[in-house]
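Engineer: The structure follows.
The values are calculated or read from the model by the stated rules, or taken from the named source; none is laboratory data. In this text, all values refer to a predicted model and were calculated from it rather than measured experimentally. Here the Cβ positions follow ideal geometry from the backbone for every residue, glycine too, while neighbour counts run over all protein chains shown. Remember, those area values only see protein heavy atoms, side chains included, never the ligands or the DNA or RNA. Shrake-Rupley method; radii C 1.70, N 1.55, O 1.52, S 1.80 Å.
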Amino acid sequence: MQELEGSPFPRIKTCKSCRETIHFDAVKCPKCQAFQVWWKNPQYISLLFIPLPLLFFFFIPNSPFREKPKFENFRSKISVTDSQFFFSRDNGNVEITSLVKIKNDSPHKWEHPTIEVQYFNADGKLIDTQSDKDFSSVLVPGTEQAFRFRTKPAKPETEYASQKIFIRSAEAPIFSD
């Protein structure tokens, strides 16, 4: 009930909780302290902000809840463009070092690549292998990057004739740029 312009009667209404008569513009009932409209209650105002994080996680393109691309679907877009190996000695220890250049022609960034190096003798027989997951490396789309691997050789230097490099796996980042 509202008063009319110039009416001598005060504007009043009934409390929704205790049914007492209160002023029409009252936000809370003076007797029972009940809020008269839900959106002015601070307890309910906070509930309005709960959907915001949900919007962030489900509708933002880089959401961790969106399906990440699978490396297997883009493996053919990741290629080894150059590789070489050599032996070195340090304090009497022999190491084989492989230098590898990898190009990412996929549209995605890949983290933690697992790279396998296979070493062959002059007859093409596999004589040694090394596999490493590089937790500090990222394959950026459209770029070529160099990697270095060192290991103790399993055979004498003279048996090593060639190598092949394989990118076995990589992970799409949780949040991409």
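Engineer: Of 165, 174, which has the most accessible area with a 1.4 Å probe, and how do the rest follow in descending order?
Structural biologist: Heavy-atom accessible area, descending, gives 174, 165.
Engineer: Excluding same-chain residues fewer than 8 positions from residue 40, which lysines have a Cα within less than 30 Å of its Cα?
Structural biologist: 13, 16, 28, 31
Engineer: If DNA, RNA and ligands are ignored and the probe is 1.4 Å, what is the ranking of 168, 150, 11 by accessible area, most exposed first?
Structural biologist: Details: 168 100, 150 125, 11 70 Å².
Sorted by accessible area, descending: 150, 168, 11.
Engineer: Give me the dipole magnitude in Debye, nearest 20, for region 121-165 about the Cα centre, with unit charges on the beta carbon: positive for Lys and Arg, negative for Asp and Glu.
Structural biologist: Working: 7 positive and 7 negative charges, 22 e Å.
Result for region 121-165 is approximately 100 debye, rounded to the nearest 20.
Engineer: With the cut-off at 21 Å, tell me which of the pairs 103/133; 103/155; 109/164; 70/103; 68/164; 103/152 have Cα atoms farther apart than that.
Structural biologist: Numbers: 103/133 17 Å; 103/155 30 Å; 109/164 23 Å; 70/103 17 Å; 68/164 29 Å; 103/152 27 Å.
Checking Cα-Cα distances, 103/155; 109/164; 68/164; 103/152 exceed 21 Å.
Engineer: Determine, for each peptide in 86-99, 109-122, the mean count of other beta carbons within 10 angstrom over its residues, then list the peptides with the highest first.
Structural biologist: On the way: 86-99: 11.4, 109-122: 17.7.
Descending mean neighbour count gives 109-122, 86-99.
Engineer: If amide H atoms are built 1.01 Å from N in the plane of the peptide, which residues on other chains or at least 5 residues away come under 5 Å of the amide H of residue 127?
Structural biologist: For residue 127, the qualifying residues are 119, 120, 121.
Engineer: How much length, in nm to one decimal, is gained on full extension between residue 28 and residue 164, taken as 0.36 nm per residue of separation minus their Cα-Cα distance?
Structural biologist: Working: separation 136, 0.36 × 136 = 48.96 nm, distance 7.70 nm.
Full-extension gain reported as 41.3 nm.
Engineer: Additional query: Quick one: how many Å² of residue 13 are accessible to a 1.4 Å probe, rounded to 10?
Structural biologist: 50
Engineer: Can you tell me the FRET efficiency between residue 155 and residue 72 if r is taken as the Cβ-Cβ distance and R0 is 25 Å, rounded to the nearest 0.05? Mind showing how you got there, number by number?
Structural biologist: On the way: r = 32 Å, r/R0 = 1.29.
Between residue 155 and residue 72 the formula returns 0.20.
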